[in-house]
Each structure stands twice: as C-alpha cells, then as structure tokens.
Amino acid sequence: MVANIKIPTLANGANQANAVDDAERCVIRLRYNITTADTRVCSAGTEGGAKSPYTTEEECKAQGGTWSAFNLDSKYDIQNADDDDVGVKGTPPLPDGNPKVGAGACTGSTDCPSGSQVLQGTGGTNSILELAVNTNQYGRTFQDRSHVFSIQSRPPAIPANQVIKNLNVAGKRGNIVQTYPATEYRFAPEELNAGRADLVHFQWTGNDNTNNNGNNNGEGTNNEDRHNIVQFDNKGVNVPAADSATTSSTMKDMFDVEREINTDTGTFTGARPRDELVKQFALAKQTGCATANNVNNDQQTNNCEKLNRELPTVDLGLLQMKPGTFKYMSSRNNNFSNRAQKGSITVSSEAHTRPPPPLDVQVQAVPGPSSENGKVVVTWQPPGQTNPDGTFRAYVGTDGEKYWGVEQDAQMAASYRVQYSEDGGQHWHPTNCITSCSPPDCQCEIDGLKAGTPIAVRVRSAGAGGMSLPSAVGVAQTEHSSSSRECDQKLQNEADGNFVSPGATAAIVIGCIAGAALLACAGWIFLCGGKEYFARHMRPPPPPPPGGKFEGGMAPPAY
C-alpha cells in the first residue's frame, strides 16, 4: 500500500508566525477491505446521504455517475428483510450464496433448477454448476491496523525550499510465508536518486512484538525489528567492504559527505566526522554493549553484534552526499530466511534530480478564431506508476477508471512546459502554457497554427531539479481552410500520379498549337503552292522543232 499524506502546519496558539510542525502520538488507521465488482452501486443520486435510486450501470452512467464498488458504504447496510429488494431500496444487486447456474440454453422448467441463472451457450443441456460464492465475505474487513507516529519540524539549519529525500525501511520480520500479507524487510526506496544539493534523511521505526504465525525467523532477539547500514561495493556479495577499501578507485565512500545534520539531542548529539558516521550507521546508536569476549548467543540482550541494544525507532540524521552511486546493506537482516535487505543511492552531479516526464499526452484539433487560424487543445497527466519495462501507467480503480497523479513522483512536477512542432519534430517552438494542474485538469490551448497542418506536441515536467525529459509525442492535424484543403488535394493527386503541373500543362498547350500550325502550313502548301509546282514540273514537254534538231546541233533536253 502507498499513501500520500499531507501534513498540515500546526499553529502555536493564535500566532501563525510561530507555527510549528511538531506533533506527538499521531494515529493513522489502515483497514484492508474485501470489495468485489458484484457489489457495485452508483455515485449519482446520493445527495444528503441517500441510497442511489439508479440500480443498473446503464441508468447510473446516463446520470453522469460512476458504477463502482468504491461507492458502497454503510448506508447500504441491510437493516431488515425488506431492505434487500433490488431496485426498490437501492441496495446493490448481490448474487445468492453458492448459486446454481445452467451451463447451456436450459429453459428453467425442465433443464434448469428453479431460480438458477443461465450461462451463455447453445444447445439444450441439464448440466448444472454450483458457484463457490460466500456472500458473508463481501464487504468484510481484514488486517485492521493502527499506527502511532510523530511529526517533527525542520531543523533551523534547513530552509523551507530544501529538498529532503526520505530513506526508510518497509516490511516485517520473517520469511516470505511468515510475513504474508506483508513483505520481508527492504529499504524504501531500494534505489534512491538524489541531487548533489539534496539531503537524504536516514530513519526507520520498528516493532518489539512481530510474532505472527509462530516465532518469525530472523537474527537477534526474537520478535524485534532491527536494522543498520553498512556499505559494500557489489550487490551480489554479502560481506561489507573493509573500511580501508572505501578509498579505492572502485568504490566511493558514502560517508565522505558534503555536510551532515544531526537531529539527535541526547547521547549522540553534536557534529559527526566521517568515522563517527560510519560507526553510528553500522551500530545504529547502541549503548551498553557486551565486549566481544562476553557475547554468548543471539538472544543476549547486550549483544550489539546482532543489534539487540538498538531502539525500535532510529533517526540517523540527514546527509548531503557527494555525486556517485553507493550500495549498502543491513548486516542483521541478510540471510537465507530474510533474503537480502540491500539498497543503493545514486547522487547526480546536478543540484537536484529531474522530475519524471508527464504521461498520456493527447492532442485534439478544434476550430480556431478563423478558418485560416489553426488551433489544438493539449491534455496530459502527471507522472505515474512504472511498469517493469520502464513505461508509465495510471492506477486503475475498482470502477475501471484510470487515476493519475497519485504517485509520489507526481509531486516532483511543480509545473509543465508545452512545445509544438509543425515540421515533424525538426524544430520545437515554445508556448505560453507554463502551468500547474491537478488531474484531470492538465490542459493547454495552442492557436495561431497553420490550417490543415499536422501538429506534434510534447510536454515536460518542471521542478526543483529542472526540466524533465520530453513526454511521448501527441499529434493532431488542424482543421482545414479552403486554401489548405485545395493544396492538400493537389498534393494527394500528385502522390496518386493524377496531377499535372502548370508548366507541363502549358507545354502541352503550346505543343498542340504548334502541331496545329504545322498541319495548317502543310495544308496550305499542298493546296496553294502545289498547283504552281505541278504546273511547272508535271506539264508535258513541248514538241520538237521541224527536222528533229535544234539550232546549234544540240539535242533537245530530256525530261
């Protein structure tokens, strides 16, 4: 279970200027309820604490309500025998206990028992199934837990805008069977990312009565939660590094810090040099320890080797760590029964870690101020949960709806920046959308765009660590104007091979005119100039002179 709890500022009397965050014995109650989809009711029509009059999913959604088991509460408790009339009193449509159902198209009078439900199928059959439905378990509460905690103000040395990363411990004593339905010990988070200017607060709380399902497996005094931190250089090994090895080239010293802030006001108060940090983190501030020669067994109260003198709640203060990756483990809770309680801290060279990118970016084209002015509406969701493959997802409620922004990562995004591109992502342009939002109201409008143009949009989260990586890109085409539609049609015709350019059209026209002119000339030559040619060249030769000879004794010309 993950819960985001907002701690209010508590006023010291009527003077708000002296407001503090200190509080003792705060209580939170956690209950694990069984809620099934069989018990869905409508959220609409419940004003004034009334039961919803809408008893089907169709009626509910028609009224703008959600049809979910989440809406089932004490007002639907059955008070008398008449109270469970479905559709009359508004109670949820519960199935009968251990109902019998037909496995085919039985009629109810011959094949099916009276009152049974019929499963979808074809063909007559008298085969009957009995469902294992115990309606006494519906709405039952398990694992009712109350937890007591305190709230502490920031130390005076830490300004209000200082980023603090909390490192804690989750789980309980025992192996995987003994801890069920909880988990074995683990650091939380197991992989912590911080910036070089961030502070990491090392703290945890435990229990002195963990007995469940018998004597839970574990090291040291039975029934007690105890933890510590020692550094090592490889998560695959189970022996911490010797202190001298922390200066080697292969491992950076996690206790060679920029600064440390000690919140202890008792025995361990005061500044802590590097060697003192190593000792406090390893021994978890134990006192009254037996000497090495006087340790007899794991259950010995003053056996500090097993952390038996450690208090259930430990606050090791805050560290501003240098850039690097540091691996650590708990020496007590690292055996076959309890598996591996190991973790790592990665400190970047940047002042703060970047927030994750926003999710579910959607782009929709809408009419602009004019037909030539394109416009899109962009919506997105804050960062969310991570899938095993690194992609993000939303939390899905019992109503089947997605819920974004409930993860701790979402709180790192203080605002968002929206960019768009009109050339397929080669150039990105900023917008005036610099906004914070609460789901599902993360939205931005972009106008002044080209009509009929595909617009790519991406969104970045902005926080103390700067800008996130870009989100996935959303794309939509702005609505067409008359000019853009005509241009788009020409481009489509050209792609289909049905388009002739204006230059080619002009060449065809000129060619046709020239061809016609040539035909006209040929006709004229044939009809006009041809007469003279035939008259000159095709007439018969003149008759020879008398005597058959020309003057000069020359023969007549041959034709």
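Readers should treat all values here as calculations from the given coordinates under stated rules, not as data from a laboratory. All values derive from a computational prediction rather than experimental measurement. Neighbour counts run over all protein chains shown; Cβ positions are idealised from the backbone, glycine included.
Peptides 137-146, 478-487, 357-366, ordered by how many other C-beta atoms sit within 10 Å of their residues on average, highest first, read 357-366, 478-487, 137-146.
Per-residue extension of 0.36 nm, minus the Cα-Cα distance of Gln362 and Gln152, leaves a gain of 71.4 nm for this segment. Taking a Cβ cut-off of under 12 Å around Leu311, the surrounding Lys, Arg, Asp and Glu residues balance to a net charge of -3, with basic ones at +1 and acidic ones at -1.
Each peptide in 321-330, 154-163 gets a packing score, the mean of other Cβ atoms within 10 Å over its residues, and the list from highest to lowest is 321-330, 154-163. If you plug the beta carbon distance of Asn498 and Glu57 into 1/(1 + (r/R0)^6) with R0 = 45 Å, you get a FRET efficiency near 0.35.
Here region 317-338 is scanned for amide nitrogen atoms under 20 Å from the site 7 Å beyond the Cα of Ala351 along Cα-to-Cβ, giving 319-324.
Remark: the Val101-Asn432 segment gains 113.1 nm on full extension, using 0.36 nm per residue and subtracting the alpha carbon distance. Each peptide in 49-62, 446-459, 25-38 gets a packing score, the mean of other Cβ atoms within 10 Å over its residues, and the list from highest to lowest is 446-459, 49-62, 25-38. Under the criterion of Cα pairs below 8 Å and six or more residues apart, the relative contact order for region 131-223 equals 27 percent.
Suppose R0 equals 22 Å; then what is the FRET efficiency for Gln203 and Thr301 from their Cβ-Cβ distance, rounded to the nearest 0.05? Here the calculated transfer efficiency is 0.40.
The lysines whose alpha-carbon is closer than 26 Å to the alpha-carbon of Lys490, local same-chain residues fewer than 8 away aside, are Lys375, Lys450. With a Förster radius of 22 Å applied to the beta-carbon distance between Asn222 and Asp144, the computed FRET efficiency rounds to 0.35. A straight chain from Arg274 to Asp441 at 0.36 nm per residue would run longer than the Cα-Cα distance by 55.3 nm. Summarising the label geometry, the points placed 7 Å from Cα in the beta-carbon direction at Asn168 and Arg339 lie 2.0 nm from one another.
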